[in-house]
1. Against the conditions (1) crowded, with 19+ Cβ neighbours inside 10 Å; (2) under 24 Å from residue 137 (Cβ atoms), where does residue 10 fall short? Just the number, please.
2. Answer yes if at least one residue in the stretch 39-59 is assigned to a strand (DSSP E or B) and either surrounded by 21 or more Cβ atoms within 10 Å (Cβ to Cβ) or free of Cβ contacts under 8 Å to residues at least 12 places away in the same chain (or both), and no otherwise.
3. Within the stretch 13-37, how many residues are loosely packed, with under 14 Cβ neighbours inside 10 Å and assigned to a loop (DSSP other than H, G, I, E, B)?
4. Residues that are modelled with pLDDT of 85 or more and within 30 Å of residue 1 (Cα to Cα), at least 1 per element: which helices (runs of 4 or more DSSP H) completely within the stretch 82-152 meet that?
5. Within the stretch 44-62, is even one residue modelled with pLDDT of 95 or more and over 21 Å from residue 134 (Cβ atoms)?
6. Considering the stretch 47-99 alone, what residues qualify as being under 16 Å from residue 138 (Cα atoms) and touching a strand residue (DSSP E or B) at 6+ places or on another chain (Cβ under 7 Å)?
7. Consider only pairs whose beta carbons are under 8 Å apart and that are at least six residues apart or on different chains; among these, list those whose first residue lies in the stretch 126-152 and is farther than 16 Å from residue 102 by Cβ and whose second residue is surrounded by fewer than 16 Cβ atoms within 10 Å (Cβ to Cβ) and at pLDDT below 70.
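The values are calculated or read from the model by the stated rules, or taken from the named source; none is laboratory data. Nothing here was measured: the structure is a model prediction, and the numbers come from that model. So basically every Cβ, Gly included, is an ideal-geometry build from the backbone, and we count neighbours across all protein chains shown.
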């Protein structure tokens, strides 16, 4: 069995990882973790530094998640992609053809403090007005079963 898990280092992604390990504990399927870093689309040096910093943080986080899976007996592979998360995850499912794609549902509890909550709410509203959520996009387009794990 092949499971693909979208992982972005967030609290919700960790909840999805834990939930996936619990649900599939008996099967110990091969797990591919996909983490997508969105390119900020600027050619300035500061933007490049921000992207590099985000890339390194994301890479370290997804590799730590892969190590956690391996320690629990799940064979794990990591894919790091750059671009629109929705499209890159969809493309990865088309290329890898997992038996199931597991993602976390976005919650209204951001990882940070007051400012992060306000910014998160603004970004969330903009995303829904223009694109819809990642889970909604994938639910309409992905060809494999999709398991959306809710955040508490």
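1. Residue 10 satisfies every listed condition except (1).
2. No, the stretch 39-59 has no match at all.
3. Selection size over the stretch 13-37: 3.
4. 85-96, 134-141
5. So far as the stretch 44-62 goes, yes, one or more of its residues are modelled with pLDDT of 95 or more and over 21 Å from residue 134 (Cβ atoms).
6. 83, 85, 88, 89, 92, 93, 96, 98, 99
7. Hits for this filter: 152/107.
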